[in-house]
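The values are calculated or read from the model by the stated rules, or taken from the named source; none is laboratory data. Please read all numbers here as calculations on a predicted model, not as lab measurements. Every residue, glycine as well, gets a Cβ built from its backbone with ideal geometry; the counts of neighbours run over all protein chains shown. For accessibility, only protein heavy atoms count, side chains too; no ligands or nucleic acids. Shrake-Rupley method; radii C 1.70, N 1.55, O 1.52, S 1.80 Å.
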Amino acid sequence: MVSDRPSSASPFDAAQFLRESNLTEEQFAETALKWDCLLGIGRLHAQACAALQTAASYISERLQTVAAVHSLKVRIKNPEHLLAKIIRKKLAKPELDFQTTTYEDLITDLIGIRTLHLFKHEWREIHDFINGTWELYEPPVAYVREGDPPELLTSFRDAGCEVKDHPFGYRSLHYVVKSQPDKKVRLAEIQVRTIFEEGWSEIDHRVR
């Protein structure tokens, strides 16, 4: 586990992590990130996992009160997956400044909650509950398929969602909410989709 490695980790440790994460040393060098800084972020995140789980449990318990919600999947991001995501995000957006004091504001899915419903129209009930229960960290995004009917896109926009084409062709609503079960505000990403779309995304992810 990355967060258990000493701050004086050797270049071999970094190289092994990069290989396991399907990243190259050239990509890591391009980010100009410091390995010791990444290790510090990994350690902090590992220490915060219990508090993140508490926040995730609170959010999921509230969502379970919504009649349209069929089931939930909850996960806390693994420290190694977090560090790999930081590297990839830095490659995509070099202007981002990842530090131990900033990573929680820049990686908004340390808590991930998949909220599944049966019928397509049920998204609106869940959407209204999320907006009425939590403060949003950023505007919600509705990912759609190419060829979706204009009235569906209009309904998403009327509900305050930014509409984007999904690169892999399935629908999903994404929210980043603020939750404060203790003194610290935690961010959580809530994804809302039908059970059918969830199955398709799992198959697509497995095949790719």
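Observations, loosely collected:
- Remark: pairs (first residue in the stretch 153-169, in contact (Cβ under 8 Å) with a residue 60 or more places away in the chain and within 23 Å of Tyr137 (Cβ to Cβ); second residue in a helix (DSSP H, G or I) and small (Gly, Ala, Ser); Cβ separation under 9 Å; 6+ apart in sequence or on different chains) are absent.
- Answer from Val185, Val141 - the residue that is open to solvent by 30 Å² or more (accessible area, probe 1.4 Å) and β-branched (Val, Ile, Thr): Val185
- Residue within the stretch 121-129 that is part of a loop (DSSP other than H, G, I, E, B), open to solvent by less than 80 Å² (accessible area, probe 1.4 Å) and touching a residue at least 12 places away in the same chain (Cβ under 8 Å) present: no
- Answer from Thr115, Thr108, Thr133, Thr101 - the residue that is closer than 30 Å to Arg19 by Cα, surrounded by 12 or more Cβ atoms within 10 Å (Cβ to Cβ) and of a type outside the set (A, V, I, L, M, F, W, C): Thr108
- The single residue among Ala67, Ala50, Ala92 that is open to solvent by 10 Å² or more (accessible area, probe 1.4 Å), over 20 Å from Gly160 (Cβ atoms) and touching an Asp or Glu at 6+ places or on another chain (Cβ under 8 Å) turns out to be Ala67.
- Residue count, the stretch 153-173 (criterion: open to solvent by 40 Å² or more (accessible area, probe 1.4 Å) and either within 25 Å of Arg62 (Cα to Cα) or not in a loop (DSSP other than H, G, I, E, B) (or both)): 8
- Hey, Leu63 at pLDDT 95 or above and over 15 Å from Gln191 (Cβ atoms) or not: no
- Within the stretch 130-152, the residues that satisfy the criterion of being touching a residue at least 24 places away in the same chain (Cβ under 8 Å) and either in a strand (DSSP E or B) or hydrophobic (A, V, I, L, M, F, W, C) (or both) are Ile130, Trp134, Glu135, Leu136, Val141, Ala142, Tyr143, Val144.
- For the stretch 70-89, the set of residues classified as open to solvent by 80 Å² or more (accessible area, probe 1.4 Å) and in a helix (DSSP H, G or I) consists of His81, Arg88, listed by residue number.
- Members of the stretch 17-47 found to be open to solvent by less than 60 Å² (accessible area, probe 1.4 Å), assigned to a helix (DSSP H, G or I) and within 14 Å of His81 (Cα to Cα), listed by number: Phe17, Leu18, Leu38, Leu39, Ile41, Gly42, His45, Ala46
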